[in-house]
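The next block holds one structure in the form of structure tokens; read it before the comments.
Laboratory data are not the source of any read-out in this text; all were calculated from the coordinates shown. In this text the structure is predicted, and so the values were computed from the model without any measurement. All Cβ positions, even for glycine, are placed from backbone atoms using ideal geometry, and neighbour counts span all protein chains on display.
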Amino acid sequence: MKILFSGGGTIGSVSPLIAVYEEIKKQKPDTEFLWLATRNGPEIQLVSNYQIPIKHIFSGKFRRYFSFKNFIDPFFVFLGFVQSFFIIIKFKPDAILSAGGFVSVPVTWAGKILRKPCLIHQQDIRPGLANKMMANSAKIITVTFQKSLNDFPKGKTVLTGNPVRADILTGDKEEAYKFFGFTPTLPTILIMGGGTGAAKFNQLVLDSLEQLVTFCQVIHLTGGKNDKVAEHPNYRSYDFLTEQMKHAYAVADLVVSRAGMSALTELSVLGKAAIVIPIAGSHQEENAVEFFKNNAILMVEEKNLNPEGFTVAIRELLSDHVQLDGLRRNIKTIMPSDAASRIVKIII
């Protein structure tokens, strides 16, 4: 087989495709792959770690609000379409796969014209604008939640759950203690700011740090949105983690995260207790509410947070072992763990 992936701009639209890539490699080792990515997005490093060949294309964002970029970006979308058209002709993929992201829109449009079957995956509860624009070009649309079956054409929409990278499940606590230089005598929290909307989140963490490091160790993933540097023996800061991400999950007694569906799915499959702070007014709120109403996370609105409240919430949850165990147990029931194999079965 030849499979063309397209996604980027954020890690969220890349992680499920990586999971599908791993499953295809396991079932069909001779498959050839190519990834069409943005020209300078955060996905480049992650995709490169899997030795998947990458080609960069132009992309533009379609905004639901007024912006002068709305007059310029259609030109970049057209350029991306032309590039995609000739790449597809040359690569001759058997299928095109996307999990959202505006870089994928011209790719699937070109794929439809060239009669290449496209599969798009809808992670979040709220359907993304990019996926809505690609729906007519898709042969199959896979979705994470039952509710999403009503958001796309019934004849081609399938419930699968959300794929998770296999290597996320292979973390090791001892390796984590070595890599991060931490000790087992203190609890460890993993704080993930995400790629978008991370600046305010990161500032909250830094403002809380003086208190946090007195009772726990902190692994802070800033999403590349952190200009300020803090130093303390109990604090480690990274833009992103790739190879070591599995170990960060393994060592974390508690995770503080945004509500991107890739992160929530990983937390579910791993059974991690989490405090979730969705970006206000975004699709993340709907993701978080779905988990919260199943008692699977502790959800906190960002507008209600200050450094003192943030620190108190973490301290209280770490000390409440009954609630921690309940969150770990409940979050594990939210997602099926075999979504990648379900999607690969559809592809094959």
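If you find the alpha carbon centre of the stretch 120-135 and of the stretch 142-176, how far apart are they in angstrom? Between the Cα centre of the stretch 120-135 and that of the stretch 142-176, the gap is 14 Å.
Sum up the charges of everything whose Cβ sits under 12 Å from the Cβ of Val143, counting Lys and Arg as +1 and Asp and Glu as -1, but leave Val143 out. It would help to have the intermediate numbers written out before the result.
Details: positive: Arg126, Lys147, Lys154, Lys156, Arg342; negative: Asp124, Asp151.
In short, +3.
Quick check on the chain: helices-only [θ] at 222 nm, where DSSP H runs of length 4 and up contribute -39,500 (n - 2.57) each and the sum goes over total residues. Nearest 500, please.
-12500 deg cm²/dmol
Projecting label points 7 angstrom from Cα along Cα→Cβ for Gln244 and Arg126 puts them 3.4 nm apart. Sparse packing (at most 15 other Cβ atoms within 10 Å of the Cβ) combined with a DSSP loop state is found for the following GluC sites (Glu not before Pro) in the stretch 202-265: Glu231, Glu243. Distance between the 7 Å Cα→Cβ label points at Lys2 and Asp30: 1.5 nm.
With angles folded into 0 to 90 degrees, how steeply does helix 307-319 sit against the dominant principal axis of the chain? Use alpha carbons for both and round to 10. Result, in degrees: 80. Ordered by the number of other Cβ atoms lying within 10 Å of each residue's own Cβ, fewest first, Cys216, Cys118 fall into the sequence Cys216, Cys118. With N as its number of residues, the chain has a Cα radius of gyration that, divided by 2.2 N^0.38 Å, comes to 0.99.
From the largest down, the stretch 117-232 spans 55, 31, 23 angstrom on the principal axes of its Cα atoms. The label point for Leu149 and the one for Asp320, both projected 7 Å from the Cα toward the Cβ, are 3.5 nm apart.
Helix 321-331 axis versus longest C-alpha principal axis of the chain: approximately 10°, rounded to the nearest ten.
Please give the net charge around Pro93, taking every other residue with its beta carbon less than 11 angstrom from that of Pro93, where Lys and Arg add +1 and Asp and Glu add -1.
+2
Can you pick out the pairs among Lys112/Lys147; Lys2/Lys154; Lys132/Lys154 whose Cα atoms lie more than 19 Å from each other? Beyond 19 Å: Lys112/Lys147; Lys2/Lys154.
Highest mobility in the GNM of the chain, judged by mean-square fluctuation with C-alpha springs under 10 Å and restricted to Arg115, Arg39, Arg258, is found for Arg115. Between the Cα long axis of helix 104-113 and the first principal axis of the chain there is an angle of about 20°, rounded to the nearest 10. Our summary gives the chain a relative contact order of 16 percent, counting only alpha carbon pairs under 8 angstrom and 6 or more residues apart. Summing charges over all other residues whose Cβ lies under 15 Å from the Cβ of Phe152, with Lys and Arg as +1 and Asp and Glu as -1, gives +4.
Across the stretch 256-348, C-alpha contacts under 8 Å between residues 6 or more apart give a mean separation that, scaled by the residue count, equals a relative contact order of 34 percent. Under 17 Å of direct C-alpha separation, and excluding same-chain neighbours fewer than eight residues apart, Lys116 reaches these aspartates and glutamates: Glu32, Asp94. Taking the chain as a Gaussian network of alpha-carbon nodes connected by springs under 10 Å, the highest mean-square fluctuation of the residues Glu174, Glu23, Glu266 belongs to Glu174. With contacts taken as Cα pairs under 8 Å and at least 6 residues apart, the stretch 167-331 reaches a relative contact order of 23 percent. Springs join every pair of Cα atoms under 10 Å in this Gaussian network model of the chain, and among Asn304, Asn234, Asn131 the largest mean-square fluctuation is at Asn304. The distance separating the Cα centre of the stretch 217-254 from that of the stretch 90-119 comes to 35 Å.
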